[in-house]
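Asker: To start, I am sharing the structure in question, which I have written as structure tokens.
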Amino acid sequence: MKKRINWLITLLSMFTLVACSLEEETSSFSTPNNFYQTKAQCLSALNSCYIPLNGTYNYTFFIATEACTDIMYINSGTLDSRLDISPAKPRHGETVWTNGYKGVMYCNAAIHGIENSPLTEDEKLSLLGEGKIMRAFYYYLLTSFFGDVPFYTEHVKDVETQQKIGHLGRMSAVETRNYLIKELSEVVPLMEQVRSSEIASNRTGAATGWMLIAKMAMWNKEWDIALNAISKLEDIYGDLSQYSLEDVMFRNKNTPESIFEIQHSYVTGGLNYTSNLACICMPVTRRAGTCEYDGVEIPELGNQSTCWTPWRPTDYFCQNLQTKAGGDLRAQYNMAWEYNGHAFKSISTTPWPGPKFWCPYLDSSRDGNNYKVFRYADALLMKAECYCQKEQDPDMAIKYLNMTRNRAGIGDYPKFRSWARLMDEIQKERGRELIGEFQRKFDLVRWGIWYTQTYDNTGSPSLKENIRPCHEYYPIPDTQVVYSGYALDNKAYEAYYRD
């Protein structure tokens, strides 16, 4: 299924599993025969499950999921930004596919090892829960990005298993999600029911599990399953108003409202676990040797940053959904017309990316911010959508919609007129609240409006020229189709690409 799968199997069999902690005891790493004997060893294996996230969640993935939508665009040389993609030229799709299945493989190996370890059943519980949550996350990502994809949970322990997995075809994304929802529904209630920020070492836990159940259930239009999962999150997180809007900024790490973040760290001359998103989130190019950005001194950004062509909000977003003078408190974080009272020189109507995405003292392209992926506000808007989709209780839908609106200072939704109008407002509110959090495209595809909404609103001429309905999902790389013995396919692309 994956390029050089033999190399990955060898990597696992040698137990060269890179851990996240600098203080980890590695003397016990020796042979497969004596691994998974202690909790520390099991945690080390689970640490490996997070590694592929860092190579996936970078500026190109941000472009693919946010800047090819109705609320954001970027006129850069990155080919994903203009949807110059095909099965023969999958662009960032190659990275998402490889890292996604690398993550699945690591999770499968860890789960298998923990299940067969000498630990007590109570000791195994949280460890297995973490492994299964991370496996579900990778499949959530793969199905959201590619649609139907191969699904397996076996540990690749021999050539026979490898060959079987390597020739799997696409499995219905609905069936994949149903399997994972059932699996998580069995293990997540048994885990400690606390906020993600309360878990030691920033590991994932029950909150992420409930969020994944809700996300996948909504893709499958299982509204009641999603509502139940979100209710569990409400029990854990409580009233949204207790969480500060300032905490939405990526620089503020593992804040109480967060459910899942991509973990990064950077200390000059020390720990270096970074990505590069902030490079396309700065106010134009920095003047050499200074902290001056578009004519304005911004000391917090430093004088060592690397600035690439930045993304910009579409007119639909900054002149319709969230305007400068509209009173929405989130606008000051999402977009930047000025800094410290000084207006940027080249801003007319379209602002720069806002401080939500800036990395203080960015050193070259080393972005040490954490990237927000799931937040509690997202879950509450999902609950509003579930009630709206059920078309049974408009008051409940509006109640949850108003939670994020009220925190942002824009007041209550006026009143219910029709389900279509309420759904339209929920879709807009998700854009205002969650811009830049790697899921706008997933939402638009799930709603069935990505192509028309993006075509009508993008500010990128090259994207508008290249966009096709098949681009709602990335193609499976042609190399992977060949490796599968043509069990995999890209039928949605055949009408547009025959190279």
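The values are calculated or read from the model by the stated rules, or taken from the named source; none is laboratory data. Note that the structure is predicted; figures quoted are calculated from it, not measured. Here the Cβ is made from the backbone with ideal geometry for all residues, glycine too, and neighbour counts use every protein chain on show. With ligands, DNA and RNA removed, areas are computed over all heavy atoms of the protein, side chains included. Shrake-Rupley method; radii C 1.70, N 1.55, O 1.52, S 1.80 Å.
Asker: Filter segment 284-320 for residues that are in contact with a helix residue (DSSP H, G or I) (Cβ under 7 Å, 6 or more places away or on another chain) and part of a helix (DSSP H, G or I) and give the result.
Answerer: Listed by number, the residues that qualify are Tyr316, Phe317.
Asker: Among the residues of segment 394-419, which ones are more than 22 Å from the chain's Cα centre (by Cα) and either β-branched (Val, Ile, Thr) or modelled with pLDDT under 95 (or both)?
Answerer: Listed by number, the residues that qualify are Ile398, Ile410, Gly411, Pro414, Lys415.
Asker: Select, from Ser76, Ser117, Ser86, Ser81, the only residue that is more than 22 Å from the chain's Cα centre (by Cα) and over 30 Å from Phe35 (Cα atoms).
Answerer: Matching residue, one of Ser76, Ser117, Ser86, Ser81: Ser86.
Asker: So how many residues does segment 371-416 have that are farther than 19 Å from Ser231 by Cα and crowded, with 16+ Cβ neighbours inside 10 Å? Give the derivation first.
Answerer: Looking only at segment 371-416, we keep the residues that are farther than 19 Å from Ser231 by Cα, and these are 371-373, 405-416.
Narrowing further to those that are crowded, with 16+ Cβ neighbours inside 10 Å: 371-373, 405, 407-408, 410, 413.
Counting residues in segment 371-416 that are farther than 19 Å from Ser231 by Cα and crowded, with 16+ Cβ neighbours inside 10 Å gives 8.
Asker: Right, something else. Restricting to segment 290-328, what's the tally of residues that are surrounded by fewer than 17 Cβ atoms within 10 Å (Cβ to Cβ) and β-branched (Val, Ile, Thr)?
Answerer: Looking only at that region, the number is 4.
Asker: What helices (runs of 4 or more DSSP H) lie completely within segment 157-249 and have 2 or more residues being open to solvent by 20 Å² or more (accessible area, probe 1.4 Å) and within 23 Å of Phe442 (Cβ to Cβ)?
Answerer: Details: elements: 159-166, 173-187, 206-219, 223-237.
It comes to 173-187, 223-237.
Asker: Here's something else I'd like to know. For segment 383-448, which helices (runs of 4 or more DSSP H) that fit wholly inside it have 2 or more residues that are among the polar types (S, T, N, Q)?
Answerer: Filter on segment 383-448 gives 394-407.
Asker: Keeping to segment 250-273, report how many residues are farther than 21 Å from Gln332 by Cα, of a type outside the set (D, E, K, R) and open to solvent by less than 30 Å² (accessible area, probe 1.4 Å).
Answerer: Within segment 250-273, residues that are farther than 21 Å from Gln332 by Cα, of a type outside the set (D, E, K, R) and open to solvent by less than 30 Å² (accessible area, probe 1.4 Å) number 4.
Asker: Here's another thing I want to ask about it. For residues that are open to solvent by less than 40 Å² (accessible area, probe 1.4 Å) and out of contact with any Asp or Glu (no Cβ under 8 Å at 6 or more places or on another chain), scanning just segment 419-438, find the one that is farthest from Met72 (Cα to Cα).
Answerer: Leu422
Asker: Quick one: which helices (runs of 4 or more DSSP H) lie wholly within segment 39-81 and hold at least 3 residues that are among the hydroxyl-bearing types (Ser, Thr, Tyr)?
Answerer: 59-65
Asker: So in segment 329-362, with the set limited to residues that are outside any helix (DSSP H, G or I) and among the small types (Gly, Ala, Ser), which one is most open to solvent (accessible area, probe 1.4 Å)?
Answerer: Ser348
Asker: I want to confirm something. Restricting to segment 79-121 and keeping residues that are open to solvent by less than 10 Å² (accessible area, probe 1.4 Å) and of a type in the set (Phe, Trp, Tyr), which single residue is nearest to Asn47 (Cα to Cα)?
Answerer: Only one residue tops the list, namely Tyr101.
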